[in-house]
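Quick notes on the structure that follows.
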């Protein structure tokens, strides 16, 4: 923190906002709580507004505080870019890239991405968060992420896609599931079996509810969960069918523990794997390096998944 170009008062403020407590921020910064409190009070006096409401359980941001947090996050992102550019002028590829990816990527592409960056660019550090596509876009636009690796990126003028790859929509089943004997598979076929459904935070689930509401009319032994790991384990059991993409289950498809069945309806959801940045910012060299490596890793994972018949 001491090397940051951003004023210390703003960094302390940001830490309090993140932890919700002056005491927790003080422990994280290894500084006296009274010193952080003085910095917060000084900021409030200078701006003429309250940044926090002091509540029994800690510190809660006011509307003005939330605006200042967004500003600090943008400044920190710009600072990282400036430092990286300075290093690049010296011929050194060094700096940190903040990546926001999907939970399913944690067991498919992210381990390989981390290893490829470490091997080819050891001076580039990665900070990786996982969540939904909606959360990734929000993190990107707030300055908390430099690069997002997501599924089904919505079309937005404030988000710039760097790469996109269409993915067939379908379901995964165990290697000896009865659906594998059919020449083609439709929704009507799938719903005769117990279904493992993912969270409503995912576009694929929201699409199914809108376009195929009859799927949710009767339970039919349905299981709902926000854990993709559980969804895949249920599919591997041989009893359940799970709607997902090939990339979500790339590891299991490559290992042969799951099989992918594309659905033949013409109105089935078009899936995509996407990599994007904030459209208002120039493409940083380090971000480009991480994006290029991510493309390579994703394409390799899909090739391995599709190679297993």
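Any residue at all in the stretch 154-171 that is within 13 Å of the chain's Cα centre (by Cα), buried (at least 20 other Cβ atoms within 10 Å of the Cβ) and within 30 Å of residue 14 (Cα to Cα)? The answer is no; no qualifying residue exists. So for the stretch 36-51 (the condition being touching a strand residue (DSSP E or B) at 6+ places or on another chain (Cβ under 7 Å), at positive phi and surrounded by fewer than 18 Cβ atoms within 10 Å (Cβ to Cβ)), does at least one residue qualify? No, every residue in the stretch 36-51 fails to be touching a strand residue (DSSP E or B) at 6+ places or on another chain (Cβ under 7 Å), at positive phi and surrounded by fewer than 18 Cβ atoms within 10 Å (Cβ to Cβ). From the list 84, 138, 119, 101, the lone residue that is in contact with a strand residue (DSSP E or B) (Cβ under 6 Å, 6 or more places away or on another chain), outside any loop (DSSP other than H, G, I, E, B) and in the same structural domain as residue 152 (by TED's automatic domain parsing) is 101. Across the stretch 231-245, the number of residues qualifying as surrounded by fewer than 22 Cβ atoms within 10 Å (Cβ to Cβ) and either within 23 Å of residue 112 (Cβ to Cβ) or not assigned by TED's automatic domain parsing to the domain that holds residue 176 (or both) comes to 2. Of the residues that make up the stretch 275-297, is at least one over 27 Å from residue 86 (Cβ atoms), under 20 Å from the mean Cα position of the chain (by Cα) and buried (at least 23 other Cβ atoms within 10 Å of the Cβ)? Taking every residue of the stretch 275-297 in turn, none turns out to be over 27 Å from residue 86 (Cβ atoms), under 20 Å from the mean Cα position of the chain (by Cα) and buried (at least 23 other Cβ atoms within 10 Å of the Cβ). Every condition in (1) surrounded by 15 or more Cβ atoms within 10 Å (Cβ to Cβ); (2) without any contact (Cβ under 8 Å) to a residue 60 or more places away in the chain; (3) over 20 Å from residue 103 (Cα atoms) is met by residue 177 except one, and the failing one is (2). For the stretch 16-35, taking the residues that are part of a helix (DSSP H, G or I) and in contact (Cβ under 8 Å) with a residue 40 or more places away in the chain, the one that is surrounded by the fewest Cβ atoms within 10 Å (Cβ to Cβ) is identified as 17.
The values are calculated or read from the model by the stated rules, or taken from the named source; none is laboratory data. None of these values were measured; they are calculated from a predicted model. A quick note on method: Cβ atoms are made from the backbone with ideal geometry, for glycine too, and the neighbour counts reach across all protein chains shown.
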